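Let me begin by presenting the structure, written as structure tokens, before commenting on it.
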Amino acid sequence: MFGRKKKAAAAADEASTAPDPTTDAVDPAAPADEAVADGATGPRDSNDVTDVSALLDLGALLLAPTPGTEVRLEVDQQSDDVTAVQVADDHGAVQLQVFAAPRSAGIWDEIREEIAEMISGSGGTVESVPGPFGDELRSRLAQPGPQGRTVFAPAVFAGVDGPRWFLRAVYSGSAAVDEGQRARFDEVVRTAVVVRGDDPRAPREMLPLQMPAGQQRPAATEPEAEAPVDDLKPFERGPEITEVR
């Protein structure tokens, strides 16, 4: 992911230090106070959380969507894999993805530079600023508009380095320009729990996401709006979004 700039040394480090032993209208679970006990900020690692029963199980991500939002799963139409999770309302959204990272160091600093270069190289604007989860990128992505004009879509890229994992959050719509509108999506990120698992994985390998238990996936439908930025091709349309009822 993120341009596939994998280093052999980092991959070897990850393997050697492995421990021993699409619009988806999913009913959101109630926020779980257990996941943010003692005033800790998140996202949290599953090993640090004792009770996740109230969280929505999406595989590598456990979420507590806020009231008034819905969960949407982006699905690769060729592999049928869930590639990202969106939490959205009528005005904005945050897209979440989680990836493996080496035990020795975080990867957000490097990835942030790569994303900034991609945005600037494609005619957009970007600046690095402090955010709720550390340094983030506030950008305007250049996209083709009507009558051959170029339009600029606001997006905010945030990242969190965890123990052997990295979470990326991309805010779009009003959540990318209005702090008040963004607050509810920050809470989703803050209360998220990442399930890394014990399997050795190459740095930047996407951690597997899944449909919630008991949900069935119908045929894919065209999304009504452009999906948030995809990590490999940030200026092209992302995976189709499937609806779960």
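Results, tabulated for the structure shown:
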| item | result |
| --- | --- |
| Breaking point among (1) in contact with a strand residue (DSSP E or B) (Cβ under 7 Å, 6 or more places away or on another chain); (2) open to solvent by less than 40 Å² (accessible area, probe 1.4 Å); (3) modelled with pLDDT under 95, for ALA220 | (2) |
| Number of positions in the stretch 91-129 that are at pLDDT 95 or above and under 20 Å from ARG184 (Cβ atoms) | 6 |
| Complete set of residues in the stretch 34-54 that are part of a loop (DSSP other than H, G, I, E, B), within 19 Å of the chain's Cα centre (by Cα) and modelled with pLDDT under 95 | THR41, GLY42 |
| Filter result for PHE235 (at pLDDT 95 or above and not polar (S, T, N, Q)) | no |
| Enumerated strands (runs of 3 or more DSSP E) restricted to the stretch 90-186, each holding at least 2 residues that are touching a Ser or Thr at 6+ places or on another chain (Cβ under 8 Å) and open to solvent by less than 10 Å² (accessible area, probe 1.4 Å) | 92-100, 134-144, 150-162 |
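The values are calculated or read from the model by the stated rules, or taken from the named source; none is laboratory data. On a predicted model such as this, the values are computed, not experimentally measured, just so you know. When we count neighbours, we look across all protein chains shown, and the Cβ atoms used for this are built from the backbone with ideal geometry, even at glycine. Note: areas computed on protein heavy atoms with side chains; ligands, DNA, RNA excluded. Shrake-Rupley method; radii C 1.70, N 1.55, O 1.52, S 1.80 Å.
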